[in-house]
Amino acid sequence: MPVTALGSLPDEMALDIGKNCGRRVLPYRMQDRYSREREVRDFQSIVLENENLKATFLPELGGRLISFFHKPTQRELLFKNSIFQPANLALRDAWFAGGIEWNIGQFGHAFHTCSPVFAAAINGLDGSQGLRIYDFDRCKGLLWQIDFHLPSGAKFLHAFTRVVNPNDDDVPMYWWTNVAIVESEGMRVLAPAQQSIFVDYRNGGLSYGQTALPGMPPIHGQDGTYPANINLTCEFFYQCQDVALPWQAALDGEGSGFVECSTHPLNVRKLFSWGTHQGGTHWQNFLSDSGKPYIEIQAGLAPTQQHTVQMPGHSQWQWTQAFGYLEADSGKVHHSDWLEAWQAVDTSLKQSVSDQSLREAECADLADAAPIEMLHHASGWGALEAKRLQAAGETGFPSAFLFPESTMGEEQQKWLDLLEKGTFPDPVPQHEPGEWMIQAEWTEMLEKSLFQWGIPNSFALLHLGVMKFEHGDEDGAVAAWEESVSIGPSSWGWRNLAVAAIRRGEKDQGLHLYQSAWDCAVANGNPDVSFAFEYLTELYNAGEQQKAWAFYQTLSEDFQLKDSMHLMAAKVAFALGNYSFVETALERSFASIREGARDLTDLWFGIQGKKIEVEKGVPYEEAIQIARKKRVPPVHLDFRIEETSNSLVS
């Protein structure tokens, strides 16, 4: 979506909005092979508890704190989702709702949100045993850790977070702790702020403005701190930079509920609500089976999630969060005077917590200690980077970041061979390329290997092209891929050349290269559905609907019925006037609809417009407007987050 700054947004914030926040995935790969078919399965969990609280973590799923139970009141403080239903809401596609998520790296949740992270037992506060989750972020080369402490008698779970930038260069830093909470009756979300930055989705993009709390312009000035008032998908950011102890609380009609607070620099808070409209309600039911609405409250480093903060090279940042239960005077919590309301909660919170009582200095003293027991292993990329640092004679990772060499496997082996032997494998062209690498040091090694040995290596050139493309050298990338396919034609090489041609505006050449990619994939016995989907999409975008339909008809039934493929075929069919195909396609459930996508409702309105055109004898342009004003799409098709008349079929 396009990002714009409204006139009410301060100039210093408007200047940098959207900078360094574009979607990035590499070197990670997509996680889009899921469905809505469900079965019972087990996940490994790690529990920290004392006499007051029980915290349950899922190390296989990004270290998600999935349950946070308050024993004295027998109350679950989070939205504890009973199902793991991935949906297309994150950078790599897959994301699931519920619990507390730890987002680092890039706007759009975290690269690790549906992937394993490292977990270890550590020496905690007051002689207790704590929990550390940590990993190596391959996109920006950062290290991150969260040390959780819950000593005996504690009424709050402490989470000490440290991010290390071991690189020479500054990096645009992004961190948001994302807490999902069941929306209870009368709930109000409070934070110590007088101003907020809101996001307006109503014009088909992301428009950012500033307003005094608690009124929100996107909901016509109503009090946005009450989620029940939010009729459309809405988010806004409480600007808490000037208070000593930033916090956020989601309190019910009785003045009790979840609270979170932190030290600086984690000093901005956010409320996200799907809204009470049909699309928002559908999203919540789509992501869970609870039938209960939920909201998200979040804590971050920057004024909005379309801002980053530059983190200097060879630096580390730290902060401490505390999570727990809070009771406050309900009359004051729900007072019409916003300042009086949040100050009452602030007073109640500070009876239990202060910035000093978060014990950050003590947590920091424990943060460099090596784990006492490994509880869960993740990928081998951290171990590989540790090997590279050692070979280069550079400073190694802090001792807190233990990446056992045993975690390295087949994906790391080709890069380990490059490091230790100076060679890169050259398998047959049909061999899948595996995980990518974009780090500058590895790019230099790979180029040196190609030059030093002088032996043509199509596989190395394929990877080198991806590295160059990611860093803006598109000409160098195209040259590498062209040389790669001239040595050993591969579907990935042809596909990458097609993407580059389309980006240059060379539509016909791009389509020709996509056809070569598909033909090569079929010939090599690896016709992955992603090749077919991209080719079909580009044929549609180019207006080649007859060719697109003909290509779709050549695919296996299994490929034809894949979510994304079936939806794209429905768009092609609509353009060709095959409305019965579209109506049949719209009867099914789709698992991988992107957050905010209107494809399904646009197609449905298009069909309704065609029917009204016949029924009333009016032009289609008029008929589609009647359909949008008078007819309501079926719930299972409605993923809209805003009301708009923009349409791909109008």
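Which is closer than 30 Å to Asp519 by Cα, buried (at least 18 other Cβ atoms within 10 Å of the Cβ) and not assigned by TED's automatic domain parsing to the domain that holds Ser491, of Ser564, Ser556? From the options Ser564, Ser556, the qualifying one is Ser564. Per this entry, Gly22 is not counted among residues that are touching a strand residue (DSSP E or B) at 6+ places or on another chain (Cβ under 9 Å), among the small types (Gly, Ala, Ser) and either assigned to a loop (DSSP other than H, G, I, E, B) or modelled with pLDDT of 95 or more (or both).
Scan the stretch 487-497 and give yes if some residue there is surrounded by fewer than 22 Cβ atoms within 10 Å (Cβ to Cβ), of a type outside the set (S, T, N, Q), assigned by TED's automatic domain parsing to the domain that holds Leu464 and assigned to a helix (DSSP H, G or I), otherwise no. Yes. Against the conditions (1) buried (at least 23 other Cβ atoms within 10 Å of the Cβ); (2) farther than 18 Å from Ala299 by Cβ; (3) in contact with a Gly (Cβ under 7 Å, 6 or more places away or on another chain), Leu65 satisfies every one except (2).
Restricting attention to the stretch 167-179, does a residue exist that is more than 23 Å from the chain's Cα centre (by Cα), more than 20 Å from Asp11 (Cα to Cα) and among the aliphatic types (A, V, I, L, M)? No, the stretch 167-179 has no match at all.
Within the set Ser45, Ser128, Ser82, the sole residue that is assigned by TED's automatic domain parsing to the domain that holds Gly18, closer than 24 Å to Trp283 by Cβ, hydroxyl-bearing (Ser, Thr, Tyr) and surrounded by fewer than 22 Cβ atoms within 10 Å (Cβ to Cβ) turns out to be Ser82. Taking the criterion of being over 25 Å from the mean Cα position of the chain (by Cα) and under 22 Å from Leu358 (Cβ atoms), the residues of the stretch 242-255 that qualify are Asp242, Val243, Ala244, Leu245, Leu251. Checking each residue in the stretch 371-398 for being of a type outside the set (A, V, I, L, M), over 29 Å from the mean Cα position of the chain (by Cα), under 21 Å from Gly63 (Cα atoms) and not in a strand (DSSP E or B) picks out no residue at all. Restricting attention to the stretch 351-362, the residues being closer than 16 Å to Gly324 by Cβ and either aliphatic (A, V, I, L, M) or in a helix (DSSP H, G or I) (or both) number 2. Taking the criterion of being under 21 Å from Gly476 (Cβ atoms), assigned to a helix (DSSP H, G or I) and of a type in the set (S, T, N, Q), the residues of the stretch 405-459 that qualify are Thr443, Ser449, Gln452, Ser458.
Check the stretch 228-243 and report whether any residue there is in contact with a helix residue (DSSP H, G or I) (Cβ under 9 Å, 6 or more places away or on another chain), touching a residue at least 24 places away in the same chain (Cβ under 8 Å) and either surrounded by fewer than 19 Cβ atoms within 10 Å (Cβ to Cβ) or assigned to a helix (DSSP H, G or I) (or both). Taking every residue of the stretch 228-243 in turn, at least one turns out to be in contact with a helix residue (DSSP H, G or I) (Cβ under 9 Å, 6 or more places away or on another chain), touching a residue at least 24 places away in the same chain (Cβ under 8 Å) and either surrounded by fewer than 19 Cβ atoms within 10 Å (Cβ to Cβ) or assigned to a helix (DSSP H, G or I) (or both).
The values are calculated or read from the model by the stated rules, or taken from the named source; none is laboratory data. Predicted model, so just to flag it, every value in this text is computed and none were measured. Cβ coordinates were reconstructed from backbone atoms using ideal geometry, including for glycine residues, and neighbour counts include every protein chain displayed.
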